[in-house]
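Accompanying notes for the structure given below.
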Amino acid sequence: MKDVYLLAIESSCDETAASVVKNGDTIVSSIVSSQIDVHKRFGGVVPEVASRIHVENVSWVIREAMEQADMKYSDLDGICVTQGPGLIGSLHVGVQAAKTLAYVHDLPLIPVHHISGHIYANQFVDPITYPMLALVVSGGHTELVWMKEEYSFEIIGTTQDDAVGEAYDKVARVLGLPYPGGPQIDRLAKEGTNRYPLPKPHTENPTDFSFSGLKSAVIQSLQRLERRNEELNKADMACSFQEAALGELWNRVEYALNEYKPAHFVIAGGVAANSRLRQLITENMKAYPDITYTIPPLKYCTDNAAMIGASGYHAYTKGIFASEDLGAKPSLDLEQVGKF
Ligand code: KG4
Ligand code: ZN
């Protein structure tokens, strides 16, 4: 079969990214421009500011991705773009850029779900085998996704309140750590011990998650320490929170592995960059020698456009193309992806 080269564009949150991907599993170029330094000043992503910066950066990011790949538009087979979920103003920028390029160069336009991108980032590491279970852990999502076959997504567990990345970011904020808090807690927890008692969240469904109770328990603990004039050990609190949060993730994964018996297990999303989670998965997966598992390298965990090209390749081979009235969808449903 002829090689398929796709240009992918991602702008769903605070990273403007473009990438050229060959056959869904080889990165030809990848450019990511992060806005973290700007949003840090506000302690979180400011949507209006994010969309303005995407507008300023989108053209040069795409040009650099094409130049680094040393390709012309006539060498491409299509243009992929994150249609959702994400911040509406941010998504619009990438969608409009992709539509314009597809129109001008007469190329197929391929809509991609951001989470399907996070999952398919694993394709840069290992070929994916099915049925596959994915633990998706990011700033906006905490989901267990069951994939019976290629490009088919069933959500078998989700968070009932906060996403795990959101809990990391909120706990980091009350500990006085800068945004984004996940990497800060990851680093600080290494210097601490798990000695502050925190509750185990309870959910009706054994594959669902809940993190708001844990977050509130951390805040109450801090208030209690302050009332008693006791000193807070930030590293110990970071470690205690992290052990509770990741223990919660692993319990749900363990249940799903035993119940669903996948051939392959992957982790995906920004929190998959967490060093303790990566260590836990590596240790715990020793009990499942029959299940292949993939932990993507750090650069494929957080937002990038290469993952959108990886997922877009499957849409391309299935003939899933967008018409010229494609619009951004901030709450695009993962389970509808691939169902046409
Ligand atoms: O996937 P992502 O880049 O953006 C979304 O789609 O949400 O994930 C961002 C989230 C943030 O909440 C950030 O704090 C978290 O991933 N994160 C981490 C780590 N690196 C990023 N959380 C824990 N440990 C890390 N090392
Ligand atoms: Zn993401």
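The values are calculated or read from the model by the stated rules, or taken from the named source; none is laboratory data. Values in this document were obtained by computation on a predicted structure and should not be read as measured data. Glycine gets a Cβ as well: all are built from the backbone with ideal geometry, and neighbour counts include every protein chain shown. With ligands, DNA and RNA removed, areas are computed over all heavy atoms of the protein, side chains included. Shrake-Rupley method; radii C 1.70, N 1.55, O 1.52, S 1.80 Å.
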Segment 175-246 and segment 314-331: distance between their alpha carbon centers, rounded to Å: 40
statement: For the chain, the longest principal axis of the Cα atoms and the Cα long axis of helix 212-227 enclose an angle in degrees, to the nearest 10, of 40
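Report the extension gain between Glu48 and Arg173 in nm, rounded to one decimal, defined as 0.36 nm multiplied by the number of residues separating them, less their alpha carbon distance.
On the way: separation 125, 0.36 × 125 = 45.00 nm, distance 2.13 nm.
Taking 0.36 nm per residue and subtracting the Cα distance, the gain is 42.9 nm.
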- prompt: Cα axis of helix 164-174 to longest principal axis of the chain: angle in degrees, 0 to 90, nearest 10?
  reply: 50
message: Placing unit charges on C-beta atoms (Lys and Arg positive, Asp and Glu negative, everything else neutral), compute the dipole magnitude of segment 255-307 about its Cα centre in debye, rounded to 20.
response: 140
Dipole of the chain, positive direction: furthest Cα of Gly86, Trp60, Gly44, with charges on the beta-carbon: Gly44
field: Calculated from backbone phi, Karplus (6.51, -1.76, 1.60) coupling profile of segment 66-77 in Hz, x at Gly/Pro
entry: 5, 5, 4, 7, 6, 10, 9, 4, 5, 7, 8, 9
- prompt: With a sphere of radius 13 Å drawn around the Cβ of Tyr130, what net charge do the other residues whose Cβ falls strictly inside it have (Lys, Arg +1; Asp, Glu -1)?
  reply: -2
statement: Summed over the other residues with a beta carbon less than 13 angstrom from that of Gly192, with K and R at +1 and D and E at -1, the charge totals +1
statement: In the structure shown, of Lys2/Lys148; Lys190/Lys234; Lys299/Lys329; Lys148/Lys261; Lys22/Lys99; Lys148/Lys339, the pairs separated by more than 18 angstrom at the C-alpha atoms are Lys2/Lys148; Lys299/Lys329; Lys22/Lys99
statement: A 1.4 Å probe over the protein heavy atoms gives the chain a carbon and sulfur accessible-area percentage of 50
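What is the sum of charges, Lys and Arg at +1 and Asp and Glu at -1, for the other residues whose Cβ falls under 12 Å from the Cβ of Asp3? Could you put the intermediate results ahead of the total?
Values: positive: Lys2, Lys22; negative: Asp25, Asp75, Asp77.
That works out to -1.
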- prompt: Among Leu326, Ser138, Pro111, whose Cα lies farthest out toward the positive end of the dipole of the chain, if unit charges sit on the beta carbon of Lys, Arg (+1) and Asp, Glu (-1)?
  reply: Ser138
query: Roughly how big is segment 182-340's charge dipole about its Cα centre, with Cβ charges of +1 (Lys, Arg) and -1 (Asp, Glu), in debye to the nearest 20?
result: 340
Base-10 log of normalised Debye intensity for segment 33-173 (one unit scatterer per alpha-carbon) at q = 0.09, 0.13, 0.16, 0.17 Å⁻¹: -0.36, -0.75, -1.09, -1.18
query: What nm distance separates the two modelled labels at Glu150 and Leu298, each placed 7 Å from Cα along Cα→Cβ?
result: 3.3
query: Label-point separation (nm) for Asp3 and Arg41, each offset 7 Å from Cα along Cα-to-Cβ?
result: 4.3
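Placing unit charges on C-beta atoms (Lys and Arg positive, Asp and Glu negative, everything else neutral), compute the dipole magnitude of the chain about its Cα centre in debye, rounded to 20.
Charge dipole of the chain: 700 debye, to the nearest 20.
Using a Förster radius of 35 Å, what is the FRET efficiency between Gln279 and Thr317 based on their Cβ-Cβ separation? Nearest 0.05, please. Mind dumping the intermediate values first?
Values: r = 36 Å, r/R0 = 1.02.
For R0 = 35 Å, the calculated efficiency reads 0.45.
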query: Expressed as an acute angle from 0 to 90° and rounded to the nearest 10, what is the orientation of the C-alpha long axis of helix 306-318 relative to the principal long axis of the chain?
result: 50
- prompt: Roughly how many Å is it from the Cα centre of segment 1-32 to that of segment 68-96, as a whole number?
  reply: 8
statement: In Å, the Kirkwood hydrodynamic radius from C-alpha pairs for segment 204-267 sits at 13.9
- request: Quick one: what are the phi-derived ³J(HN,Hα) couplings along segment 94-108, Karplus 6.51/-1.76/1.60 with θ = phi - 60°, whole Hz, x for glycine and proline?
  value: x, 4, 5, 5, 5, 5, 5, 5, 4, 5, 5, 9, 6, 10, x
